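The values are calculated or read from the model by the stated rules, or taken from the named source; none is laboratory data. Computed from a prediction, not measured in an experiment: that's the story for all the values here. Note that each Cβ is placed from the backbone with ideal geometry, even for glycine, and that neighbours are counted across all protein chains shown. Quick note on the areas: whole protein, heavy atoms, side chains included, nothing else; ligands and nucleic acids left out. Shrake-Rupley method; radii C 1.70, N 1.55, O 1.52, S 1.80 Å.
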Amino acid sequence: MRLVLLGPPGAGKGSLAALLKDALNIAHISTGDILREEMKNKTPLGKEAQSYIDRGELVPDELATRLIEDRLKKSPQGYMLDGFPRTVTQAKDLDDILQKVNKPLDCVLCMETAPELIISRLAGRRVCRSCGALYHMKKKPPQKVGVCDVCGGEVYQRPDDNEETVRHRMEVYSKSTKPIIEYYQSKNKLMHIDGDMETIDLFDIVMKKFHEAGKHD
Ligand code: AP5
């Protein structure tokens with residue numbers, strides 16, 4: 001299975017991806033996670049990306065595309081792209097890359113989530129710095145404050161999850177990323193899903209739709 005997860009910040013892309021990658025046995029490739037790893041390691045690429053990410057802006061297309069091309073060349077046949085593409089330019093570049101590596105896309109899952117839900121989800125989100133496990137301070141807090149239940153790593157708040165930056169990220173999504181929906185609609189690749197639902201219910205619905213469409217291998 002070869003997927004793209006599309007949706008606004010806080011739609012639940014990472015949460016759904018965590019379930020789908022095990023169920024479908026595919027690679028989870030998140031440009032956000034890759035960029036944060038580069039920033040943590042203070043690589044030249046991470047330093048370049050930092051100022052964009054902290055302001056809630058997109059990093060330049062060329063930089064994001066380079067990261068993805070690298071990962072897709074090394075990935076097994078099945079993959080799930082989370083956070084890429086984010087512009088029509090990136091979507092077109094992705095088509096070229098996928099043709100080169102002969103791993104054509106099966107489906108684009110497009111999550112739609114109410115704006116007020118996005119704000120409350122991201123204000124409460126906490127993430128493990130070591131293993132990336134996701135928490136929410138109200139709905140799913142770690143058992144011990146600041147400590148990951150899974151690996152004991154530090155649980156922190158992303159600097160771009162403050163309300164002002166989240167609102168800007170939502171604007172960027174509407175302006176730069178939403179046009180991709182039409183792009184994939186015209187290619188008949190789109191599956192709309194309700195990001196307001198609980199992740200586990202959404203996961204069940206998506207798996208059912210895949211089975212119905214014969215897209216479960
Ligand atoms: P990225 O890390 O991709 O951020 P994002 O797309 O804004 O998405 P988020 O990670 O914020 O949200 P999510 O949808 O994964 O939600 P999650 O599951 O965590 O990108 C960060 C930055 O990197 C960008 O702003 C940009 O600067 C740069 N970048 C990345 N890719 C790029 C590209 N291709 N081009 C250019 N720049 C790029 O859930 C959020 C919270 O809600 C959690 O606490 C979770 O527990 C809770 N939650 C989730 N789903 C549910 C649910 N269904 N019900 C209840 N609670 C839920």
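Here are a few things to note about the model shown:
- Of all residues in the stretch 100-118, those being open to solvent by 30 Å² or more (accessible area, probe 1.4 Å) and under 20 Å from R167 (Cβ atoms) number 4.
- Any hit, the stretch 67-85, residues being among the hydrophobic types (A, V, I, L, M, F, W, C), over 18 Å from L35 (Cβ atoms) and within 17 Å of the chain's Cα centre (by Cα): no
- Checked against the criterion of being among the aromatic types (F, W, Y) and near the ligand (Cβ under 10 Å from one of its atoms), the stretch 82-94 contains one or more residues that satisfy it.
- Options L98, L134, L122, L94: the member that is closer than 15 Å to L5 by Cα and in contact with a helix residue (DSSP H, G or I) (Cβ under 9 Å, 6 or more places away or on another chain): L94
- Restricting attention to the stretch 137-165, the residues that are under 17 Å from R121 (Cβ atoms) and either open to solvent by 30 Å² or more (accessible area, probe 1.4 Å) or near the ligand (Cβ under 8 Å from one of its atoms) (or both) total 14.
- Just so you know, in the stretch 107-136 the residues that are basic (K, R) and within 11 Å of the ligand (Cβ to nearest atom) include one that is farthest from R36 (Cα to Cα), and it is R121.
- Test result for P8, surrounded by fewer than 17 Cβ atoms within 10 Å (Cβ to Cβ) and in contact (Cβ under 8 Å) with a residue 40 or more places away in the chain: no
- Residue in the stretch 182-193 that is closer than 28 Å to L58 by Cα, within 14 Å of the ligand (Cβ to nearest atom) and touching a residue at least 24 places away in the same chain (Cβ under 8 Å) present: yes
- Set V88, V59: member being within 18 Å of the chain's Cα centre (by Cα), modelled with pLDDT of 95 or more and open to solvent by 20 Å² or more (accessible area, probe 1.4 Å): V88
- Flag for A49 being open to solvent by less than 40 Å² (accessible area, probe 1.4 Å), within 14 Å of the ligand (Cβ to nearest atom) and free of Cβ contacts under 8 Å to residues at least 24 places away in the same chain: yes
- For the stretch 91-113, the set of residues classified as more than 24 Å from G214 (Cα to Cα), at pLDDT 95 or above and over 17 Å from the mean Cα position of the chain (by Cα) consists of K92, D93, D96, I97, listed by residue number.
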